[in-house]
Amino acid sequence: MQTVVSSPTKTVTIGDDNPFCIIGERINPTGRRIFQEQVRAGDLSAIIKDVKAQVEGGADMLDVNMGVPLTDEADLMRQAIKMVQELTDLPICIDSSVLEALEAGLQTYQGRALVNSTTGEDDRLDHILPLIKKYDAAVIALPNDETEIPMTVADRLKITEKILRACDKHGISHDRIVLDPLAMPIGAEPQAGNLFFETVHEIKQRWDLNMTCGASNVSFGMPNRHAINAAFLPAAMTVGLTSAVMDARTPEIVSAVRATDILLGNDQYGGAWITRFRAMEAAAKAQA
């Protein structure tokens, strides 16, 4: 299964035989007080630095979330999408829980976007999936519903099946669905890692879907989070994870992912690894 997203000049394919897709998570106001204050004042200049850092770090796609309280999120999304597309040719993941902001982003975006996200709730599916169909987008889908976050593999698979039926109903092919099997903090649930890995494996075996996750969730509340994330992603890749919304600015994590690409045969002869290593060497020498 291959999920294709694009900008006007660049195509990124998410799938088993392709390098892992790194979706840079930085353009997001959550936990960024200064960024929120700047946005409320009409200053979006922080996005320029965020784009630059993530592109240089090795992102394949950029997640754009403009959920700043007490603002017009739809208008901000339009501005941000336009701004990011002027700065880079990387495809964009349009990220919002607000339907109007998602549609504003889809109307503005040039190319085939990835939308983040829908859940298995009936109302959410009924509102999001027609937008995915209308704008020929791909969508991240999370197997939870209005009751709670399911804490068994069986329950997550049940909701996944419901999401797939809804997509079939709306005429959305399965290659345009990227499942998020729900990475949970291991500090709160010691078996969260195993639950995630088992869910990824079962979804891959049953439906061969592409999958993603919010990679930093797993280490939330723990010290030395980068080390945990750098161990988590390669393990998840071996059972079928094909992308992640993650911190593309952290060499430790990006290097772990790119090394795993070689070991899984998705970077033949290490061409991309060697190119990246040489670029990092050159940058270090230039800085020195």
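A compact table of results
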{"quantity": "Flag for Ala244 being surrounded by 15 or more Cβ atoms within 10 Å (Cβ to Cβ) and among the hydrophobic types (A, V, I, L, M, F, W, C)", "calculated": "yes"}
{"quantity": "Sole exception among (1) over 20 Å from Glu100 (Cβ atoms); (2) outside any loop (DSSP other than H, G, I, E, B) for Leu131, by number", "calculated": "(1)"}
{"quantity": "Neighbours by Cβ (under 7 Å, 6+ apart or cross-chain): first from segment 192-210, touching a residue at least 24 places away in the same chain (Cβ under 8 Å); second of a type in the set (D, E, K, R)", "calculated": "Thr199/Arg156"}
{"quantity": "Selection from segment 254-281 of residues that are buried (at least 17 other Cβ atoms within 10 Å of the Cβ), in a helix (DSSP H, G or I) and either aromatic (Phe, Trp, Tyr) or at pLDDT 95 or above (or both)", "calculated": "Val254, Ala256, Val257, Arg258, Thr260, Asp261, Ile262"}
{"quantity": "Search result, residues across segment 188-207 that are assigned to a loop (DSSP other than H, G, I, E, B) and touching a helix residue (DSSP H, G or I) at 6+ places or on another chain (Cβ under 8 Å)", "calculated": "Glu189"}
{"quantity": "Flag for Ser97 being touching a Phe, Trp or Tyr at 6+ places or on another chain (Cβ under 9 Å), touching a residue at least 12 places away in the same chain (Cβ under 8 Å) and within 29 Å of Trp207 (Cβ to Cβ)", "calculated": "no"}
{"quantity": "Qualifying position, being of a type in the set (S, T, N, Q) and in contact (Cβ under 8 Å) with a residue 60 or more places away in the chain, among Asn65, Asn116", "calculated": "Asn116"}
{"quantity": "Subset of segment 144-158 (residues that are of a type in the set (Val, Ile, Thr) and either under 17 Å from Asn116 (Cβ atoms) or surrounded by fewer than 17 Cβ atoms within 10 Å (Cβ to Cβ) (or both))", "calculated": "Thr147, Ile149, Thr152"}
{"quantity": "Test: Arg176 is within 18 Å of the chain's Cα centre (by Cα) and among the basic types (Lys, Arg)", "calculated": "yes"}
{"quantity": "Pair list, Cβ < 6 Å and 6+ apart or interchain, from segment 226-253 residues that are assigned to a loop (DSSP other than H, G, I, E, B) to residues that are surrounded by fewer than 21 Cβ atoms within 10 Å (Cβ to Cβ) and of a type in the set (A, V, I, L, M, F, W, C)", "calculated": "Arg249/Ala53"}
{"quantity": "Close pairs (8 angstrom Cβ cut-off, 6 or more residues apart or separate chains): under 19 Å from Asp50 (Cα atoms) in segment 71-83, aromatic (Phe, Trp, Tyr) and crowded, with 22+ Cβ neighbours inside 10 Å anywhere", "calculated": "Ile81/Tyr109"}
{"quantity": "Qualifying helices (runs of 4 or more DSSP H) (wholly inside segment 31-123; at least 2 residues being at pLDDT 95 or above, under 17 Å from the mean Cα position of the chain (by Cα) and surrounded by 20 or more Cβ atoms within 10 Å (Cβ to Cβ))", "calculated": "46-57, 73-87, 99-108"}
{"quantity": "Exclusive hit being of a type in the set (A, V, I, L, M, F, W, C), surrounded by 20 or more Cβ atoms within 10 Å (Cβ to Cβ) and either farther than 20 Å from Thr199 by Cβ or in contact (Cβ under 8 Å) with a residue 40 or more places away in the chain (or both), set Ala137, Ala141", "calculated": "Ala137"}
{"quantity": "Subset of segment 1-15 (residues that are touching an Asp or Glu at 6+ places or on another chain (Cβ under 8 Å) and either among the acidic types (Asp, Glu) or under 16 Å from Val84 (Cα atoms) (or both))", "calculated": "Ser7, Pro8, Thr9, Lys10"}
{"quantity": "Unique match (being over 26 Å from Pro130 (Cβ atoms), out of contact with any Cys (no Cβ under 6 Å at 6 or more places or on another chain), modelled with pLDDT of 95 or more and in a helix (DSSP H, G or I)) among Asp175, Asp155", "calculated": "Asp155"}
{"quantity": "Hey, Glu25 closer than 30 Å to Thr238 by Cβ and modelled with pLDDT under 95 or not", "calculated": "no"}
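The values are calculated or read from the model by the stated rules, or taken from the named source; none is laboratory data. Note that this is a predicted model, so its numbers are computed, not measured. Neighbour counts run over all protein chains shown; Cβ positions are idealised from the backbone, glycine included.
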